[in-house]
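In what follows, a single structure is set out as structure tokens and then discussed.
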Amino acid sequence: MNVRSAWAPELIALLGTSSDADIAARIGKSTRAVFSARVRRGIPAHRTIEKWEPEQVELLGTAIDAEIAQQLGRSLWSVQKARIARGIPPFHEERFTPEQIALLGTVPDRDLAESWGVHNSTVAELRKRKGVPAFQAQRRWTPDEQALLGTMSDAEVARRVGRSRDAVHVARHSRGIRTGVLQRHPHLDDIKHVYTTTHMPVKEIAARYGVTPRFVSIRVKKRGWLRPGE
């Protein structure tokens with residue numbers, strides 16, 4: 001029997017209007033039979049036009065394609081095709097400078113996104129990859145707290161003022177206080193006076209003025225402070 005004659009006009013009319021598998025299920029033939037019949041007749045395969053919502057398009061390039069595909073419930077090829085068609089480059093952490101990365105979490109993601117000319121989700125994804133927590137509004141720095149910046153390690157300042165180490169680092173950096181440079185403590189003269197005129201233990205002096213015993217010891221050694229009678 002002629003193979004072509006096995007296909008009635010109404011069946012041929014269905015070829016290419018849907019996927020081969022879908023048509024095969026509808027007319028009771030195998031997918032391979034439908035595929036062969038379509039190819040012999042030069043009928044192109046059905047192409048589903050995927051609809052992308054604006055908010056979905058905005059995600060393209062904000063993470064590796066596989067992650068976006070999983071998030072949207074689409075195939076990897078679908079995401080890659082949609083991104084390439086729109087001229088969106090793949091996500092690469094290398095596109096951001098160390099200075100930009102250092103700012104992650106110090107201000108809201110949307111502020112950095114606006115400054116860098118990228119979408120909010122791009123900044124959020126980069127921040128998550130770097131393990132940086134989201135920005136949380138910090139209370140204003142008091143003059144006494146600011147005076148501690150640079151007088152000891154950022155970690156120690158953070159412990160004393162009840163802030164994160166990153167928050168202290170940003171506060172110090174934004175004020176031009178270089179790391180590793182000992183700034184003059186607001187009560188340094190008082191500390192010197194108590195140390196050089198009394199025999200109060202270093203530990204007690206440190207506690208009185210909100211510094212560490214090591215802070216006092218370093219200045220004693222560097223400045224040559226002497227106890228009474230020494």
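The values are calculated or read from the model by the stated rules, or taken from the named source; none is laboratory data. What you are looking at is a predicted structure, and each value in this text was computed from that prediction instead of being measured. In this analysis, Cβ positions are derived from the backbone assuming ideal geometry, glycine residues included, and neighbour counts consider all displayed protein chains. Heads up: the accessible areas ignore ligands, DNA and RNA and are worked out on the full protein's heavy atoms, side chains in. Shrake-Rupley method; radii C 1.70, N 1.55, O 1.52, S 1.80 Å.
I want the local charge near residue 61. Using Cβ-Cβ distances under 15 Å, sum +1 for each Lys or Arg and -1 for each Asp or Glu among the other residues.
My count for the surroundings of residue 61 gives -1.
Under a point spin-label approximation (7 Å from Cα along Cα-to-Cβ), what is the residue 58-residue 209 distance to one decimal in nm?
It works out to 5.3 nm between the two label points.
Just report the Cα centroid separation between segment 193-230 and segment 142-175, whole Å.
22
How would you rank 91-97, 107-113, highest first, on the average number of other Cβ atoms within 10 Å across their residues?
In descending order of packing, they fall as 107-113, 91-97.
So, with a 1.4 angstrom probe, what is the percent of accessible area on segment 97-200 that is carbon and sulfur?
50
So how much slack lies between residue 26 and residue 51, counting 0.36 nm per residue of separation and subtracting their Cα-Cα distance, in nm?
Stretched fully, the residue 26-residue 51 segment lengthens by 6.5 nm.
Using a simple spin-label model with points 7 Å from Cα along the Cα→Cβ vector, what separation in nm is obtained for residue 160 and residue 43?
Label at residue 160, label at residue 43, 8.2 nm between them.
Compute the relative contact order of segment 58-188 as a whole-number percentage, counting only Cα pairs closer than 8 Å that sit 6 or more residues apart in sequence.
The normalised contact order for segment 58-188 reaches 19 percent.
Straight-line reach from residue 203: which aspartates and glutamates have a Cα under 12 Å away, not including same-chain ones fewer than 8 places off?
Correct list for residue 203: empty, as no aspartates and glutamates qualify.
Only four residue types carry charge here, +1 at the Cβ of Lys and Arg and -1 at the Cβ of Asp and Glu. Report the dipole size of segment 79-144 about the Cα centre in Debye, rounded to the nearest 20.
320
Please report the Cα spread of the chain along all three principal axes, rounded to whole Å, starting with the longest.
122, 28, 26
Between residue 174 and residue 72, what is the label-to-label distance in nm when each label sits 7 Å out along the Cα-to-Cβ direction?
3.6
If you add up the charges near residue 157, with Lys and Arg at +1 and Asp and Glu at -1, over every other residue whose beta carbon is less than 9 angstrom from its beta carbon, what do you get?
+2
Taking the Cα centre of segment 32-96 as the origin, how large is its charge dipole in debye, to the nearest 20, when only Lys and Arg (+1) and Asp and Glu (-1) carry charge on their Cβ atoms?
Here segment 32-96 has a charge dipole of around 820 debye.
In debye, nearest 20: dipole of the chain around its Cα centre with unit charges on the Cβ of K, R (+) and D, E (-)?
Result for the chain is approximately 500 debye, rounded to the nearest 20.
For every helix of n ≥ 4 consecutive DSSP H residues, a contribution of -39,500 (n - 2.57) applies; sum these over the chain, divide by its total residues, and give [θ] at 222 nm rounded to the nearest 500 deg cm²/dmol.
One gets -14000 deg cm²/dmol as the mean residue ellipticity at 222 nm.
I need the calculated FRET efficiency for the pair residue 218 and residue 92, taking r as the beta carbon distance and R₀ as 41 Å, to the nearest 0.05.
Efficiency for this residue pair is about 0.40.
Tell me the relative contact order for the chain as a rounded percent, counting alpha carbon contacts under 8 Å between residues six or more apart.
Across the chain, relative contact order equals 10 percent.
Taking R0 as 22 Å, what FRET efficiency do you get between residue 202 and residue 146 from their Cβ-Cβ distance, rounded to the nearest 0.05?
0.30
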